[in-house]
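Note sheet for the following structure.
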Amino acid sequence: MLRGRGMILKRVLDNPILEPNPANEWESLNVFNCAVVYENDLFHMFYRAQGEDRVSSIGYAVSSDGIHFNRLQQPVLAPYDEWDSLGIEDPRVTYVADARRFIMTYTAYSLRGITPFFAESQNLITWKRIGPLVIDEDNKDHVLFPRRIKGRYVTFHRRAPDIGLAFSADFENWTDFQSLVTPRSESWDCKRVGAGGPPIETKQGWLCIYHGYDDDNIYRLGSFLLDLDDPRRILARSKGFLIEPVEAWELKGEVPNVVFSTANPVADGKVYVYYGGADRVIGLATCTIDELMDFTLHG
Ligand code: BMA
């Protein structure tokens, strides 16, 4: 197997940084894949939480150092109709400057299957659903770019097994669905790939973290770089992975051998990669933007 140059993300010492809370039924079993926005010196976290019924809702927690979080006792988003009766899953949040609001992308799960939805907020606590990316197909892992490119909003999505792109002028009509990043044979990401947190804008291009897994269903994270003006062009992709399951809480939980990231906010040149550990807890690992770029180009 092609393993590349190894891992550059460094785990913080206090991991896991968020664990299930037995005091609240809705978050008593698993807390995992989360969105994190860095805004006005605070890290705002939106995390997927499950109680014994395994129906997911979204909790909120806030931190000044990105490691120690205080949580609200109630979810900020909970299932409420036939689209999401079985759960609201895997939130990612992007601040979209052109629209002057935060946009959350999440997977709604119900008897009709999964549906990738958008919701909007201006205060980070009250969220209003604004519609699906697409309906009646197996599509998830959608993540919005932080600004319009050539007049259009751009989102990642996943039509298995690839990461795709789609474009829209208004958030309602999404068109030009196309494949972008595909699994690589003989590699750690040979089976399926999906987007991570929102793309990071740099002078060299959009720097993106993604997950991939192999025939043994081991989830790892890698990175790629897209052209700033034309995100359909891949400029580089890491051969190796940024991190793989090693710690006990990454190896064992609800689903074994999973590191799954949905947030990579940047503060003071440092990338904070938040990830679900074995679908049970939340972990944090960091590196600098320069290290991530170097790894993407050469690692
Ligand atoms: C994916 C999603 C994630 C989950 C991951 C690993 O398909 O469903 O919510 O963390 O699998 O189990």
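The values are calculated or read from the model by the stated rules, or taken from the named source; none is laboratory data. Here the structure is a predicted model, which is why all the values come from computation and not from measurement. Quick reminder, even Gly has a Cβ in these numbers, built from the backbone with ideal geometry, and neighbours come from all protein chains shown. Heavy atoms of the whole protein, side chains included, go into the accessibility calculation; ligands, DNA and RNA do not. Shrake-Rupley method; radii C 1.70, N 1.55, O 1.52, S 1.80 Å.
Looking at region 46-66, which of its residues are away from the ligand (no atom under 16 Å from the Cβ) and closer than 20 Å to Gly283 by Cβ?
Tyr60, Ala61, Val62, Ser63, Ser64, Asp65, Gly66
Provide a single number: the residues in region 131-156 that are part of a strand (DSSP E or B), open to solvent by 70 Å² or more (accessible area, probe 1.4 Å) and not charged (D, E, K, R).
Within region 131-156, residues that are part of a strand (DSSP E or B), open to solvent by 70 Å² or more (accessible area, probe 1.4 Å) and not charged (D, E, K, R) number 0.
Which ones in region 103-118 are surrounded by 21 or more Cβ atoms within 10 Å (Cβ to Cβ) and away from the ligand (no atom under 16 Å from the Cβ)?
Ile103, Phe118 - these are the residues of region 103-118 that are surrounded by 21 or more Cβ atoms within 10 Å (Cβ to Cβ) and away from the ligand (no atom under 16 Å from the Cβ).
Among Arg71, Arg92, Arg100, Arg54, which is open to solvent by 60 Å² or more (accessible area, probe 1.4 Å) and farther than 20 Å from Gly253 by Cβ?
Selected residue: Arg100, the only one of Arg71, Arg92, Arg100, Arg54 that is open to solvent by 60 Å² or more (accessible area, probe 1.4 Å) and farther than 20 Å from Gly253 by Cβ.
Would you confirm whether any residue within region 282-290 is surrounded by fewer than 20 Cβ atoms within 10 Å (Cβ to Cβ), out of contact with any strand residue (DSSP E or B) (no Cβ under 8 Å at 6 or more places or on another chain) and modelled with pLDDT of 95 or more?
Yes.
Report, ordered by the first and then the second residue, all pairs with beta carbons closer than 8 Å, sequence separation of six or more or different chains, a first member in region 209-220 that is within 17 Å of Ile234 (Cβ to Cβ), and a second member that is near the ligand (Cβ under 8 Å from one of its atoms) and of a type outside the set (Lys, Arg).
Tyr210/Gly194; His211/Gly194; His211/Tyr219; His211/Phe260; Gly212/Gly194; Gly212/Tyr219
Considering only residues that are touching a helix residue (DSSP H, G or I) at 6+ places or on another chain (Cβ under 8 Å) and of a type in the set (D, E, K, R), which ones fall in region 209-243?
Arg237
Taking the criterion of being farther than 24 Å from Val76 by Cβ and either in contact with a His (Cβ under 6 Å, 6 or more places away or on another chain) or assigned to a strand (DSSP E or B) (or both), would at least one residue in region 106-123 satisfy it?
yes
Residue by residue, here is whether (1) away from the ligand (no atom under 13 Å from the Cβ); (2) part of a loop (DSSP other than H, G, I, E, B) holds:
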{"position": "Ser185", "(1), (2)": "yes, yes"}
{"position": "Asp189", "(1), (2)": "yes, yes"}
{"position": "Gly197", "(1), (2)": "yes, yes"}
{"position": "Glu201", "(1), (2)": "yes, no"}
{"position": "Tyr210", "(1), (2)": "no, no"}
{"position": "Asn217", "(1), (2)": "no, yes"}
{"position": "Arg220", "(1), (2)": "no, no"}
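Kindly establish whether Val259 is in contact with a Gly (Cβ under 7 Å, 6 or more places away or on another chain) and either open to solvent by less than 20 Å² (accessible area, probe 1.4 Å) or more than 12 Å from the ligand (Cβ to nearest atom) (or both).
When the stated conditions are applied, Val259 passes them.
Within region 197-248, count every residue that is over 17 Å from Ile149 (Cα atoms), among the hydrophobic types (A, V, I, L, M, F, W, C) and crowded, with 17+ Cβ neighbours inside 10 Å.
Number satisfying all stated conditions: 8.
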